[in-house]
Amino acid sequence: MRRALKVYVWFVSVAGIVAVAVTARWGNLEGLPHASHMVLGDVAFFVVMGCLLDMMIVPMARGGAVSAGFAVFYACMLYLGPYLAAFVAVLATLWTDIAVRRGIPFYKTLFNVGHSAISVLAAGGAYYVLMGGRVADVRLADLADVAAIIGSAAVLFGSEVTAVNLAVALERRAPLRSVWIGNARLVLPLDAALAGVGLLVALLYENRDTLFQGYGWAFVASVLVLPTTLLYYGSRLYMDMQRVYDKTLRTLVALKESKIHAGAQETVGHGERVANLASAAADELGMSADDVQSIRYAGYLHDIGDVAVPTQAFDGDHEDAALTEEQATKLRRHAEIGHDILRPIGFLRRVAVLVRHHDRRFDAGPYGPDGEVIPFGSRLLAVAERYDDVTRSAREPLSPDDAVRRLVEESGSRFDRRAVEAFVRMLAREAVVDAVRCEEAPDAI
Amino acid sequence: MSKLSPPLRAYLIAVPLLGAALLAWLTIRLAGYPHLKLIEGILFFLVLTIIAAQSPVQLPRGGIMSMAFAVGYACIIIYGPAVAAWVAVLSTPWLLRKSVWYRITFNAGQYVLTEGLAGLVYQWAGGEFVALSPDPLSLRHSGAAIILSGLTYALINSFAVAIALALHEKRRLLGTWRVGFGWMGPRYLALAPFGVLMAMVYQLQQLRYVGVALFLLPLFWARYAFKGYMDMREVHQQTVEALTKALEAYDAYTEDHSDHVSELAEKLAVRLGFPETRMEALLFAARLHDIGKFVMEPVLNKQEKLNEDDWALIKQHPAEGQRIVAAIEVQPGAASIVRATHERPDGSGYPDGLRGGQIDLAASIIAVADAYHAMTSDRAYRRAMPEHSAIAELARGAGTQFESNVVQALIELWQQGELPQPQRRDHAASA
C-alpha cells in the first residue's frame, strides 16, 4: 500500500473513532427533544434496520455500489440526532464487515467505520446549522426546513463519496477530481432515492402512534425494507446477468477457437487476451464505461468470422511488415463476416462495427469502404491483436519489450499513434514492460 | 374488428358498455363528497398510473410486469372506486395510444369494472377510504376489506383478459386462465403490500403526495434494474443463438438443425403438458443439445473407421455439452437436460446409462425431436426419409430407444397435421 494511502486510511479510522467517543462522552444528549421520552426501543429499531439494510450493497451497472444503509443512517440522523446516528452507523458498519463480508482486512473495517461515523456527524452538523441550532427535530413547516433536509442529505452524500473516492484516487494514483465526479454521478440518483426514503421513514416513525396504532414499527420497517429489497434484488439480477453474458461470450469464443483451430497453442485464448488488453488500454485513456465494454466484447468476438474464413493468426509476417495480397483479402472477408454475424443482435451493433474494422491499417485513412468513420476502438483492437500475435507466435515469440518496440516502430503507419501510446502506457502500469521503455515510447513516436 | 369472431365481438362491445354503466352509477353516488378533493385525487393518480405503466418490463414467456396494479390498489384504498375508475378511463387511451380502438375501449371498460368492483367490495366489507375518513387507516378495522378487494381485483382483471384470450384463440376458459394466472398470481401477491403501504404513507400530513412519490422512487430504480436484467437476458439469448448458428454453419449439414429441433420440442412439450416454468430451460437445451460435438470435430470428421477410443470420446459429448451449457446459461436447468439427451429408456444410452423413469422428460423430448429431424432431412450420405417412415422408425424404438409417451405425442401431432415440415417448407419457399 502506498504511504499516502496508508496515512489517509489510518487518519480516517482514528478520527472517526475519536469523534464517536468524544460525542458519546460530551455530546449534548440532554438537548435532544426526544430525550425525555426516548427509549432504548428507538435505538434498537434503527440499529436492527441499519444492520439489515447496510448488508444490501446495491451494485450498479456502470460500476460502483451503494449501500441501502444510507437511508437508515439519514433517517436516524433526522430523528435521533447525529450522536446516536453515528453510533448506529458504527454498529451497522461493523456488523456488515464482520458478519457478511468475512475476511476483509481489519484496517478496511476500521476505515469503513471511521468514514461512516464522520459522514453522519458532518451531516448532523449541517442540519444543526441550517435548522438554526436544533437537532433531531424533523419537521417540514417552511422552506428553511426543506433547505436543512436537502442540505444535510447533500453533506452526508458528499462526505461519504469523498471519503471513499479519496482512497480510490490515492490507490490508483489518479486525480481525485475525475474519480470523484465519475463516481458521484453514478451513485447520486440512487442515494437521492435512498435519502428520500430516509426522510419518509423519519417522519413516519415520528407519527407512528397516530398513524399506525401500536404496530407502527412494523409499518415503518416495511416502508424501509420492501422497496430497498426490490431495488437490491433487481440490481443483483442485472449484475449477475452481465457476468453471465461476459462468461458466455468467453465460453463460445473458446469453443470456436478449439473447434476451428483445433486447439493451436497460439490461438487458444486469443479472443480473451485481446479483449483484456484492448479494454485495459481503453480504460487507460479514460473512455466511458460503455465504450470500454464494447471494446471488450469486440475483443472476444473480433475473429468470429473465422467460422467462414479461417485466418490462421498471420504471425509469420512480422519480419516483413506487409501482408500478402491473399492474406489481406482473407482478413478483410473474415472481418466482414464477423460483422454480419453480430449485426442482427441490436445490443452488439457498435461491437459489430468495431469488429468490421479491426484489421484496417491506420495509414489507409479514417474512412471505411462505405465512407463510415472507423471507430477508435478498432484501432485499439488492432494494436492489441498485433501484440498478442507477435508475443504468442508459434515460430519465434517476441518478448513484451521487443513487441512494444515493434508496435512503436509501426505506430503512425500501420497503427494509430494514440492507440499505441495508450497501449504501452497500460502495459507499463501493469508492469508487463519496463517503465523505462514506456517513458521512451512517446518520444520515439 | 370485422375480422373477429361474433362471440368475441359481442364480448368486446359488452365490456365497455358495462364499464360505462358502472362508471355512471359510481359517479352519481359521489354527490355528497368533496369534489375538489376527488378531482385532486384523480389528477395525482392519473399522473402516477401513467408513470408506473411506462415501458413495462417484458417477461420472458409473454406478459408484462409494471407497478400499475399497486398504484390502482392504493387509489382504491385512498379515494374509493369512483376515482379509481375515472383514473382507469383517463389513463388507458394514453397508455394504449398505439393500439386499435377496440383494444382501448375494451381495456378501459375492463379496468373500470376491475377497479370499480374491487372498490365496491372494499366499501361493502367495511373498509375506510383514507382521504375521505377522519380516522387513520386501521388494519384491525379495514384489514379484511383490503384482502377481499385485492382478491376481487386479481380475479376480475385476470378473468376479463382470459375470456378475451379464450374467445380469440378458441381455447378453454379455465385452462387459459390458469396459464395466465400462473404468472400473474404471484405478481399480484408481491405488489399488493406496496399498494397498502402507499395508502399508509399518504396519511402523513406533512408530505401527502410527496410522501407517496418518495416511497415510489426506489421502486422506479428497481424497475429500471429489472428492465436492464430482462433486456440483457434477451440479448444473451440472441447472442447464444447467433454464435451457435455461426458455429453450426461451419458444418453445412447441421445448418438450422437446432432451430428445427427446438421448434418441434416446444410443440411436443406443450402437448405433453410440460410445466411452463421449465419451458425456457427445455428450449435452451434443445437449441444447444449438440454443442458438445463441436469440440469432437476431429473424431467426427475422421475418414477411416472409428476405433474404440473414438467411440468412448463420442459417448462423452453429452457430458461435454453439459459443461459448456452450464457455463453459458442464465438459470441452471438446461445443462443437465443436455447431458441426458442420449440416454435410452432401456438403459443402453450414454453417458450415464440411465433407465426409463430416471431420464428427464425434457431430455426425452429433445431426443425424439432430434431423431425425427435428423431422419427427415438430407444428409451428405443419404436422402431425407419420408415422414411416415421416420414415424414408423420412432414407433419401433418406443419404450426401448425413445420414451413411449413422447413418441405417442409426436404421432398425434403428425395425425393432426401439426408437425413442422422442414423439407416441404423449403420447397414451398422456393416456389
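Of all the residues in the stretch A:192-243, those that are more than 31 Å from the chain's Cα centre (by Cα), facing another protein chain (nearest Cβ under 8 Å) and farther than 18 Å from A:Gly81 by Cα number 6. Of the set (1) of a type in the set (Ser, Thr, Tyr); (2) at pLDDT 90 or above; (3) closer than 30 Å to B:Leu247 by Cα, all apply to A:Thr251 but (2). Residues in the stretch A:130-142 that are of a type outside the set (Lys, Arg) and more than 14 Å from chain B (Cβ to nearest Cβ): A:Leu130, A:Met131, A:Gly132, A:Gly133, A:Val135, A:Ala136.
Filtering A:Asp340, A:Asp402 for residues that are more than 12 Å from A:Ala298 (Cα to Cα), within 14 Å of chain B (Cβ to nearest Cβ) and without any contact (Cβ under 8 Å) to a residue 60 or more places away in the chain leaves a single hit, A:Asp340. Per the listing B:Lys227, B:Lys267, B:Lys245, the residue uniquely assigned to a helix (DSSP H, G or I), among the basic types (Lys, Arg), more than 17 Å from A:Met239 (Cβ to Cβ) and at pLDDT below 90 is B:Lys245. The requirement of being in contact with an Asp or Glu (Cβ under 6 Å, 6 or more places away or on another chain), crowded, with 21+ Cβ neighbours inside 10 Å and either modelled with pLDDT of 90 or more or not aliphatic (A, V, I, L, M) (or both) is satisfied by A:Thr267.
Considering the stretch B:112-167, and only residues there that are within 14 Å of chain A (Cβ to nearest Cβ) and assigned to a helix (DSSP H, G or I), the residue that is surrounded by the fewest Cβ atoms within 10 Å (Cβ to Cβ) turns out to be B:Arg140.
As a summary of the residue check, B:Leu204 satisfies the conditions (1) buried (at least 20 other Cβ atoms within 10 Å of the Cβ); (2) in a helix (DSSP H, G or I) except for the one numbered (2).
Residue under question is B:Val201, and the condition is that it be in contact with a Gly (Cβ under 7 Å, 6 or more places away or on another chain), closer than 24 Å to B:Phe129 by Cα, within 11 Å of another protein chain (Cβ to nearest Cβ) and at pLDDT 90 or above; does it hold? The answer is yes for B:Val201.
Residues in the stretch A:340-375 that are in a helix (DSSP H, G or I) and either surrounded by 21 or more Cβ atoms within 10 Å (Cβ to Cβ) or in contact with a helix residue (DSSP H, G or I) (Cβ under 7 Å, 6 or more places away or on another chain) (or both): A:Ile341, A:Leu342, A:Phe347, A:Leu348, A:Arg350, A:Val351, A:Ala352, A:Val353, A:Leu354, A:Val355, A:Arg356, A:Phe362.
Considering the stretch B:279-300, the residues that are within 14 Å of chain A (Cβ to nearest Cβ) and not in a helix (DSSP H, G or I) include one that is modelled with the highest pLDDT, namely B:Leu288.
Does B:Glu276 satisfy being crowded, with 17+ Cβ neighbours inside 10 Å, of a type in the set (D, E, K, R) and either modelled with pLDDT under 85 or on the phi > 0 side of the Ramachandran plot (or both)? For B:Glu276, the condition - crowded, with 17+ Cβ neighbours inside 10 Å, of a type in the set (D, E, K, R) and either modelled with pLDDT under 85 or on the phi > 0 side of the Ramachandran plot (or both) - is not met. Among residues belonging to the stretch A:49-95 that are assigned to a helix (DSSP H, G or I) and among the hydroxyl-bearing types (Ser, Thr, Tyr), point out the one that is farthest from A:Asp240 (Cα to Cα). The qualifying residue farthest from A:Asp240 (Cα to Cα) is A:Tyr83. For the stretch B:305-331, a residue qualifies if it is assigned to a helix (DSSP H, G or I) and aliphatic (A, V, I, L, M), and the qualifying residues are B:Ala312, B:Leu313, B:Ile314, B:Ala319, B:Ile324, B:Val325, B:Ala326, B:Ala327, B:Ile328. The set of residues in the stretch B:204-216 being within 11 Å of chain A (Cβ to nearest Cβ) and more than 27 Å from the chain's Cα centre (by Cα) consists of B:Leu204, B:Gln205, B:Gln206, B:Leu207, B:Arg208, B:Val210, B:Gly211, B:Val212, B:Ala213, B:Leu214, B:Phe215.
One line per residue, one yes/no per condition, for (1) crowded, with 18+ Cβ neighbours inside 10 Å; (2) closer than 30 Å to B:Glu128 by Cα; (3) in contact (Cβ under 8 Å) with a residue 60 or more places away in the chain; (4) touching a helix residue (DSSP H, G or I) at 6+ places or on another chain (Cβ under 8 Å):
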position	(1), (2), (3), (4)
B:Ala190	no, yes, no, no
B:Val196	yes, yes, yes, yes
B:Met200	yes, yes, yes, yes
B:Leu216	yes, yes, yes, yes
B:Tyr229	yes, no, no, yes
B:Ala249	no, no, no, yes
B:Val270	no, no, no, no
B:Ala286	yes, no, yes, yes
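Within the stretch B:43-73, the set of residues being among the aliphatic types (A, V, I, L, M) and either over 15 Å from B:Ala190 (Cβ atoms) or modelled with pLDDT of 95 or more (or both) comprises B:Leu43, B:Leu46, B:Val47, B:Leu48, B:Ile50, B:Ile51, B:Ala53.
The single condition from (1) at positive phi; (2) surrounded by fewer than 22 Cβ atoms within 10 Å (Cβ to Cβ) that B:Gly80 fails is (2). In summary, A:Leu188 fulfils each of the numbered conditions (1) modelled with pLDDT under 90; (2) surrounded by fewer than 16 Cβ atoms within 10 Å (Cβ to Cβ); (3) closer than 29 Å to A:Ala15 by Cβ with the single exception of condition (1). Entry remark, the stretch B:346-377: residues being within 19 Å of B:His317 (Cα to Cα), among the hydroxyl-bearing types (Ser, Thr, Tyr) and not in a helix (DSSP H, G or I) number 2 in total.
Consider B:Tyr188 carefully, then state whether it is more than 12 Å from every other protein chain (Cβ to nearest Cβ) and closer than 23 Å to B:Ser142 by Cα. Yes, satisfied. Picking from residues in the stretch A:144-176 that are within 14 Å of chain B (Cβ to nearest Cβ) and surrounded by fewer than 20 Cβ atoms within 10 Å (Cβ to Cβ), the one that is farthest from A:Asn207 (Cα to Cα) is A:Ile150.
Flag: A:Glu272 matches the condition of being of a type in the set (Asp, Glu) and under 28 Å from the mean Cα position of the chain (by Cα).
The values are calculated or read from the model by the stated rules, or taken from the named source; none is laboratory data. Note that the coordinates shown come from a computational prediction; the quantities given were computed from them, not determined experimentally. For neighbour counting, all protein chains shown are included, and Cβ atoms are generated from backbone atoms with ideal geometry for every residue, glycine included.
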